Amino acid sequence: MSLPIQRLNVSLNANPRRVLLKRYNTGHDQASHIVERVLKYPEEQLEGLLQSTLALFDGRHQGLQQRMLARGAEVHPGKELSPARQALLGACFLHEYSVEAAALFNPSIVPHPDQSGAPLGGLRFLMSLRAVGEGHISSIEFIGGSLDSDCNVQLDARTGHLREGRVTSQDGPNYEVVFEAEVPLDERILFPYAPSQSNGIEDARFVHCEGRYYGTYTAYDGRNILPQLIETEDFLRFRFVTPGGNAVRNKGMALFPRKVNGHYLMLGRQDGEKLYVMKSTDVHTWSDPQLLLEPVYPWEWLQIGNCGSPLETEAGWLVLTHGVGPMRHYTISAFLLDKEDPTKVLGRLPVPLIAPNQDEREGYVPNVVYTCGALIHGPNLVIPYALSDSAIRFARIATQDVLAAMV
């Protein structure tokens, strides 16, 4: 048995030209030597050198010269330098980081908070994207788009610029990032900041729940992983929160889009193999996970996990899953939970919904299809998915066809 899944002719590929201006840090001795060399350089030659440096990076960053001046003041504080010398000093301690140089994958999707300009009978959406650059460091980018009444996908253009927000209200591993309203959605990036996420903000699963957007994600410091939470109302102000409780471990936590019987609910994969469900009166505390689903079919023998937050249908909560089978081959499937008691499994697909085809097997991590969230619009289920951790495509299927295939 196979399901009538339709792959749409829309894709989003990694773009190494999307670069972020980052601080360049080096050892104390080398930094002192760099400063000394810049301070000794003849004043009359500085302006020409500055202009050639600015010309080399023209159009690649917003407010480049101001960033150079600010960095120069950080490196050599309290010293009065000419603007050209200060800017060039700052430039020696800045560098470009290509956030998508290695990969772009694992999207999640939610209805856009601003539905102005939506097609007739359609919907504006917002996607989060996992970008990976040098050193396998993961960050979160965003892009908008729209669905028409038939769930055809149109992605918004990306400008090419990237900007980090201003960090405020830091309390240990918890902090807030704020973007100015004029920064376009596709230029906002959430880059690792706290020590717990120093090597990556991985696989964000965004969902709209009780009037607020939440993104569960995995923080990675190069050795340890930790489930964490992002909260936002407008995708301009983001709060990073470390949840508590004995269930906050491993990967793949996904929040239900509303309370059920007065409780928040969350899916998780606490043991790395099976799916669990937990409930809480507080979205920041998760304990005592209850086993929900174990691997059964060959294509999930290694492990099973969720592919984003459950989707509410009249028949129950539809949950997309990822399964890992022999040769670490990933597929996407689904199961159904009772609407009033989501600890009860009503059915599951006996076959994968999406498996890598011949055009999707090669990439940064081969033989993988994966998503961090889908949405239902009208009669259709729309799934943005990553292929081999190297690009993003879309698939569409009638929701009823998925439900009817459950056993």
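Looking across Gly316, Gly308, one residue alone is closer than 15 Å to Leu349 by Cα, modelled with pLDDT of 95 or more and buried (at least 19 other Cβ atoms within 10 Å of the Cβ). It is Gly316. Which one is surrounded by the fewest Cβ atoms within 10 Å (Cβ to Cβ) among residues in the stretch 134-149 that are over 19 Å from Thr371 (Cβ atoms) and touching a residue at least 60 places away in the same chain (Cβ under 8 Å)? Here the residue is Gly135. Any chance the stretch 32-55 includes a residue that's in contact (Cβ under 8 Å) with a residue 24 or more places away in the chain, within 22 Å of Ile137 (Cβ to Cβ) and surrounded by 15 or more Cβ atoms within 10 Å (Cβ to Cβ)? The answer is no; no qualifying residue exists.
Scanning the stretch 101-117 for residues that are surrounded by 24 or more Cβ atoms within 10 Å (Cβ to Cβ) and not aliphatic (A, V, I, L, M) yields Phe105, Asn106, Pro107, Ser108.
Once the stretch 77-93 is narrowed to residues that are closer than 22 Å to Arg166 by Cα and surrounded by 15 or more Cβ atoms within 10 Å (Cβ to Cβ), the residue that is farthest from the chain's Cα centre (by Cα) is Ala87. Of the residues making up the stretch 236-249, those that are surrounded by fewer than 20 Cβ atoms within 10 Å (Cβ to Cβ), within 21 Å of the chain's Cα centre (by Cα) and outside any strand (DSSP E or B) number 4.
The helices (runs of 4 or more DSSP H) falling completely within the stretch 1-110 that include 3 or more residues that are among the charged types (D, E, K, R) map to 28-40, 64-75.
Scanning the stretch 347-363 for residues that are more than 16 Å from Cys307 (Cα to Cα) and part of a strand (DSSP E or B) turns up just one, Gly347.
Would a scan of the stretch 250-267 turn up a residue that is among the aliphatic types (A, V, I, L, M) and part of a loop (DSSP other than H, G, I, E, B)? No, every residue in the stretch 250-267 fails to be among the aliphatic types (A, V, I, L, M) and part of a loop (DSSP other than H, G, I, E, B). Leu64 meets each of the listed conditions (1) under 26 Å from the mean Cα position of the chain (by Cα); (2) within 30 Å of Leu126 (Cα to Cα) apart from (1).
If only one of Ala131, Ala219 is of a type outside the set (Phe, Trp, Tyr), surrounded by 21 or more Cβ atoms within 10 Å (Cβ to Cβ) and either assigned by TED's automatic domain parsing to the domain that holds Arg393 or over 16 Å from the mean Cα position of the chain (by Cα) (or both), which one is it?
Ala219
The values are calculated or read from the model by the stated rules, or taken from the named source; none is laboratory data. Small disclaimer: the values here were computed from a predicted structure and weren't measured. So basically every Cβ, Gly included, is an ideal-geometry build from the backbone, and we count neighbours across all protein chains shown.
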